[in-house]
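Read the structure below first, then the notes.
We did not get these values from a lab; they are worked out from the coordinates using the rules stated. Remember, it's a predicted structure, so these values are computed and weren't measured experimentally. A quick note on method: Cβ atoms are made from the backbone with ideal geometry, for glycine too, and the neighbour counts reach across all protein chains shown.
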Amino acid sequence: MDFPEPIRLLAFLLGMMAFVAVNAAYLVWAERKGAGRFQRRPGPTEVGWAGLLQPVADGIKLISKQVIVPPGADPILFRVAPLLVMAPAMMTLAVIPFSETLVGRDINVGLVFVFAFGAINVMAIMMGGWASRNKYAIISAARVVSQDVAYEIPMLLVVITLLMVTGTMNLNEIVQQQAGWFWHWNLFRLDVNPLMPVTFIIFFICMLAETNRAPFDMAEAESELVAGAFTEYAGMGFGVFFMAEYANIVVGCSLATVLFLGGWQSPFGVGSGVIWFLLKMYALVFTVIWVRWTFPRTQFYSLLNLSWKILIPISMVTLVLTCILLKLT
Amino acid sequence: MRPKVSIKEIVRGLHSLVAGMRITLGQFFKPTVTVHYPHESLKMAPRFRGHIELVRDEKTGKPLCFACKLCEKACPSDCITVEGVKLEGEKRKSVSEYKLDFTKCSLCGSCVEACKSNAIRFSKDYNLATTSKEELIMDLFKRLEADQAKTGQPDTKDTREAGK
Amino acid sequence: MSASEVIPASDKPQETFVLNVGPQHPATHGVLRLKMTMDGEYVARAEPVCGYIHRMHEKMGENRTWAQFLPNTGRIDYLAAMAYNHAYVAAVERAAKIEVPPRAEYIRVITSELNRISSHLVWFGAFLLDLGGFTPLLYAFDDREKILDLLEAITGSRLTYCYYRFGGVCNDIDADFIRGVREFVAGMRPRLKMYHTLVTENVILRRRLVGIGYIGREMCRKYGATGPVIRGAGVAYDVRKVEPYSVYRDLNFDIPAFPEGDCMARYRVRMEEIEQSLRIIEQGLDKLPDGPVMGGNVPRVLKPPAGDCCFAVEAARGRFLVRIISDNKEIPYRVRLRTPCFCNLSLFEEASAGMMLPDALALLGSLDLVIPDIDR
Ligand code: SF4
Ligand code: SF4
């Protein structure tokens, strides 16, 4: 299939948008269903079979509501923030290889691209919180920033460790290196770094923190800050923030799949394809949901302590260890 | 200052997290415990205290109440007003109006206890949502009559097990 | 208000700002308002503002007969209505010298303790909700539902039972109830173990509760705090032990007390109390005597002799005391209600100073406040 590059990219971006939108909407459904099951109740059941049309109904409800800009709020920032939180999720998915060919743009610095855009998300939440002119929202915005600064560091340290192992920033190549049986996955490359599973756990924790998911949902913290940065948002403004949360989870889980779990590679060496990618990614998404419905929220300073006192030292150790082992072999 | 974190503590902490997740996963695969209310409903307990209703005499089909107003006096919330008339040829009065202001009722049950002739009982009706306050001020006597008109015959059996 | 009317932020940054937590806020569980003067995320001063749900129960007591006031008592702390009914009923019984048959006393103790467990389960769930954990709430409600079903079967109501009468209880319990309670007690112990693994051991929860929200003995004394709050400060003060009423003297149970004085201590006191209540219920069922459930000497028109009479019980949240003054009429002269939550709340201002906002709210949750109980 030889399409001219611009058309291919356009088609892929459109597909990506649809993918993100459907995922965001249906992950909300999955989250509610999952939460229901964890709590011994069925979750949404009324709209459509097994509540499958619930996201549509919610969407209609949210769209039909008025978007209220509170008096004294910064009207431009207030409106831009929800868009800005959604856009990076779509952008980053363009470089994620779903399968060998199914990738929007196979660029050499894919990993850098993902992290560059990933950081916008936090800025957008801060913008929304700041622009709302609400005390709860401002507290939340301040929290988001310090949380993000704290967790970007261990995350990047982990990624650098990985980069030394792979030697490339091209995501597609990273996946290709992990071909074969599942012990070729970076997660199990114990020869270059015996602490690789620990590295993965750190990556996962950081991802939870970066996407503001429980138990690190400092930004929303509904029992303290009402709805945090989103307190003043009504209608679709809130809806977009809400969907962006799930879009970002998809991005985070995709990245974890690509970096550690061999992307679209089959665990048995044969039959690789997009199906494996989706399976692994949704397994991670399920874990994210599972974690949320199990733990209470962390306190803000123990969140920072966790990062500065535990995660950063450990990721430093893995970094140094990998350096030494790579030099030796 | 917080104590320094040790490796042992981290491992113990992680273990507690895993233990918690194991429990929630176990619950995930257990059947649900809820009842889908509009589609299914629970049977109310025999002693369930709903709003009150008048009871008929098994034989005559007339309400047992003879307007002695004991319930009216016992009610702490002043929600009962009973009026009675003296019919010819009968020794006692019989009820002609039994107004229950359900907006004020605290469902305490004092009225049923006060009634010496068991002329009132608790209904099992709990679907009581209305769109106006007036609908909750009901005349139990008229309700009873209307019931009779609907079924065409004095309905003396206990309908309370219906659960709806 | 248009944007131009907004007062611009002054050049000099303000040191503190006021954060209104409540009357509608997810953490206040009702209409309590906390006027928090914040220094960044630190609480400089938190002033509780109550009265939003004041219903004049005490005044209502002066306007209705002795028996008619009984339903009111269940609505003060609606989560532990049995104990409140008990205090009022027993106060009137003491004033009017009404005898209560032993079977009724045992039934009262069993139902009160069941109610205490259900109240603690609600607290457990709601407290975890304050801390951001949603799932334990529903597990706790699942267990609580069993208690409510049992109590509904004998009392006819799920929350405001109004089950006790001057001189006894209004309905006898049946074999179904006894079997149900035994089943519940047997099923509750493994559930408690599950809660401990899921919640108590959890490292995130420990980080949030251990060493947070210190309330010492002195502070409890100063403000008159009772119940799990004072027991969490290491004082084993429990009305059931220090002024035993009903048949508590014949039952064997411990008063859990933890000296740490932090949120974790209060948490553990309540969890331990559930265990103790299970013990009490089991013993109560074993010892349950036969006989009538209503005393014979209850006058039809109740006019307690003139005088002043008190009765205190250990409700789920602390010492609840009813003081009645009678002038030998059908209507009380005065009904005074001493509710535990009011005193437990009043120490919040002192205890929360200097804490971070989430910790202050954890402290608030650990006090287990029922707002109608504060305002009465
Ligand atoms: S249940 Fe209580 S409040 Fe309701 S009508 Fe009867 S006595 Fe009055
Ligand atoms: S219901 Fe009973 S107490 Fe009330 S007026 Fe009729 S007979 Fe008397």
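What are the ³J(HN,Hα) couplings of the stretch C:321-334, residue after residue, when phi is run through the Karplus curve with 6.51, -1.76, 1.60 and θ = phi - 60°? Round to Hz, x for glycine and proline.
In residue order, the calculated couplings are 10, 10, 10, 10, 10, 10, 10, 6, 10, 6, 10, x, 7, 7 Hz.
Can you tell me, using C-alpha contacts under 8 Å and at least 6 residues apart, the relative contact order of chain A as a whole percent?
Taking the mean separation of contacting Cα pairs over the length of chain A, I get 24 percent.
For chain C, what log10 I(q)/I(0) values come out of the Debye formula at q = 0.07, 0.08, 0.15 1/Å, with one point per alpha carbon and no solvent?
-0.33, -0.42, -1.33
Using every Cα-Cα pair within the stretch A:195-290, state what percent have a distance larger than 15 Å.
66 percent
If I fit a long axis through the Cα atoms of helix A:110-131 and take the longest principal axis of the Cα atoms of chain A, what angle between them do I get, 0 to 90°, rounded to 10?
20 degrees
May I ask for the equivalent-ellipsoid semi-axes of the protein assembly as shown, computed as the square root of five times each C-alpha gyration tensor eigenvalue and listed largest first in whole Å?
With the √(5λ) rule applied to the protein assembly as shown, the semi-axes are 58, 31, 27 Å.
Please tell me the relative contact order of chain C in percent, rounded to the nearest whole number, where contacts are Cα pairs under 8 Å and at least six residues apart.
Answer for chain C is 26 percent.
Using a Gaussian network model on chain A with a 10 Å cutoff between Cα atoms, which of A:Val158, A:Val250, A:Val149 fluctuates the most?
Between A:Val158, A:Val250, A:Val149, it is A:Val149 that shows the largest mean-square fluctuation.
Within a 10 angstrom radius of the beta carbon, how do C:Glu282, B:Glu88, B:Glu9 rank from fewest other beta carbons to most?
B:Glu88, B:Glu9, C:Glu282
Report the Stokes-Einstein translational diffusion coefficient (µm² s⁻¹, integer) for the stretch B:52-154, Rh taken as the Kirkwood radius over Cα pairs, at 4 °C with viscosity 1.567 mPa s.
After rounding, the answer is 91 µm²/s.
So for the pair B:Glu88, B:Thr103, with labels modelled 7 Å out along Cα→Cβ, what separation do we get in nm?
4.1 nm
What translational diffusion coefficient, in µm²/s and rounded to a whole number, does the Stokes-Einstein relation yield for the stretch C:18-130 at 20 °C and a viscosity of 1.002 mPa s, taking the hydrodynamic radius as the Kirkwood radius over Cα pairs?
Reported coefficient: 126 µm²/s.
Once you average over the residues of B:11-23, how many Cβ atoms of partner chains fall within 10 Å of each Cβ?
6
Can you give the three extents of the C-alpha atoms in the stretch A:70-328 along their principal axes, from longest to shortest, in whole Å?
60, 39, 32
Rounded to the nearest 500 deg cm²/dmol, what is the calculated helix-only ellipticity per residue at 222 nm for chain A, with -39500 (n - 2.57) per DSSP H run of length n ≥ 4?
Using -39500 (n - 2.57) per qualifying helix, the result is -21500 deg cm²/dmol.
Where Rh denotes the Kirkwood radius from the mean inverse Cα pair distance, what is Rg over Rh for the stretch C:250-295?
The Rg/Rh ratio comes out at 1.20.
Determine the shape class of the stretch C:152-239: with a ≥ b ≥ c the square roots of the Cα gyration tensor eigenvalues, call it rounded for a/c under 1.5, and otherwise prolate if a/b is greater than b/c, oblate otherwise. Spell out each step's value before the answer.
Details: a/c = 3.29, a/b = 1.47, b/c = 2.23.
Verdict is oblate for the stretch C:152-239.
How high is the relative contact order of chain B, in percent, counting Cα pairs under 8 Å that sit 6 or more residues apart?
Here the relative contact order equals 26 percent.
What translational diffusion coefficient, in µm²/s and rounded to a whole number, does the Stokes-Einstein relation yield for the stretch B:22-89 at 20 °C and a viscosity of 1.002 mPa s, taking the hydrodynamic radius as the Kirkwood radius over Cα pairs? Intermediate values should be presented prior to the final figure.
Details: Rh = 17.4 Å.
Using the Kirkwood radius from Cα pairs, D works out to 123 µm²/s.
Just to confirm the number: angle between the C-alpha axis of helix A:196-210 and the first principal axis of chain A, 0 to 90 degrees, nearest 10?
The angle comes out at about 20 degrees.
Looking at the stretch C:254-321, which trypsin sites (Lys or Arg not before Pro) are in a loop (DSSP not H, G, I, E or B) and have at most 13 other Cβ atoms within 10 Å? Don't jump to the answer; show the numbers that get you there.
Details: sites: C:Arg266, C:Arg268, C:Arg270, C:Arg279, C:Lys287, C:Arg300, C:Arg317, C:Arg319; in loops: C:Arg300, C:Arg317.
When the trypsin sites (Lys or Arg not before Pro) of the stretch C:254-321 are filtered for loop state and at most 13 Cβ neighbours within 10 Å, C:Arg300 remain.
Run lengths n ≥ 4 of DSSP H only: what is the helix-derived mean residue ellipticity at 222 nm for chain C, with -39500 (n - 2.57) per run over all residues, to the nearest 500?
-14000 deg cm²/dmol
Lysines within cross-link reach of A:Lys33: Cα-Cα under 18 Å, excluding same-chain residues under 8 positions apart?
B:Lys30
Using Cα positions and a limit of under 15 Å, work out the aspartates and glutamates in reach of A:Lys65, with same-chain residues fewer than 8 apart set aside.
Result set, ordered by chain and number: A:Glu232.
Once amide H atoms are built 1.01 Å from N in the peptide plane, which residues 5 or more positions from C:Arg319, or in another chain, come under 5 Å H to H?
The answer is C:Thr226, C:Gly227.
Need one word for the stretch A:10-124: rounded, prolate or oblate. Basis is the Cα gyration tensor (sqrt eigenvalues a ≥ b ≥ c); a/c below 1.5 gives rounded, then a/b vs b/c decides.
Note, shape of the stretch A:10-124 comes out oblate.
Please state, to two decimals, what the Cα-based radius of gyration of the stretch A:115-255 comes to when divided by 2.2 N^0.38 Å (N = residues). Could the numbers behind the result be given before it?
Numbers: Rg = 17.5 Å, N = 141, 2.2 N^0.38 = 14.4 Å.
Its radius of gyration relative to the 2.2 N^0.38 Å reference: 1.21.
Taking only the alpha-carbon atoms of the stretch A:114-177, what semi-axes of the equivalent ellipsoid follow from 5 times the gyration tensor eigenvalues under a square root, in whole Å, largest first?
In descending order the semi-axes read 33, 12, 6 Å.
Can you tell me the 0 to 90 degree angle between the C-alpha axis of helix A:235-260 and the longest principal axis of chain A, rounded to 10?
10 degrees
Can you tell me the Rg and the Dmax, both Å, for the Cα atoms in the stretch B:1-123?
My reading of the Cα-based Rg and Dmax gives 28.6, 94 Å.
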